[in-house]
């Protein structure tokens, strides 16, 4: 009986600790973030490709599974386009899953590795068509 109780406490502690690491990243993301750099295969992309993009992460609890937000993208012909997205932080704050909703069409889930996160900086990387993409955002 003691060993069952000990095992249950151990599993519960592990689950709480991994969720708390995910929740820490979610709390850090809450608010508005501007894109400050974007690279493909280590090469900085022209600023016009990402300049002015702002991601707004809503307050969220990891228990809800998917969190929500919006991304605003400047468009020279249409003004600013705002799209909704949902995201997940998982694997002890090391993975970032993102789905963007553009005009009712939801993108495939993009899974990224979180390279860096703090209260002021968020860096993630993902592979797309064999290329390594890295996005850097700073808190507004």
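Derivation of every value follows stated rules applied to the coordinates shown; laboratory data play no part. For clarity, every value in this text was computed on a predicted model and none was experimentally measured. Note that each Cβ is placed from the backbone with ideal geometry, even for glycine, and that neighbours are counted across all protein chains shown.
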### Message
Using alpha carbons only, how many angstrom separate the centre of segment 16-57 from the centre of segment 69-140?
### Response
6
### Task
Counting only C-alpha contacts under 8 Å and six or more residues apart, can you give the relative contact order of segment 91-140 as a whole percent?
25
### Query
Per-residue ellipticity at 222 nm for the chain, helices alone: DSSP H runs ≥ 4 residues times -39500 (n - 2.57), over residue total, nearest 500 deg cm²/dmol?
-7000 deg cm²/dmol
### Task
Calculate, in nm to one decimal, what residue 80 and residue 111 gain on full extension: separation in residues at 0.36 nm each, minus their alpha carbon distance.
8.6 nm
### Task
Mind jotting down the three principal axis lengths of segment 29-107 based on Cα atoms? Whole angstrom, largest first.
39, 31, 23
## Note on the structure
For the chain, the longest principal axis of the Cα atoms and the Cα long axis of helix 2-29 enclose an angle in degrees, to the nearest 10, of 20
### Message
If I model a spin label as a point 7 Å beyond the Cα along the Cα-Cβ vector, how far apart are those points for residue 37 and residue 73 in nm?
### Response
2.2
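Quick check: residue separation of residue 45 and residue 119 times 0.36 nm, minus the Cα distance between them. What number comes out in nm?
24.2 nm
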### Query
Where the eigenvalues come from the Cα gyration tensor of the chain, what are the semi-axes √(5λ) of the equivalent ellipsoid, largest first, in whole Å?
33, 16, 14
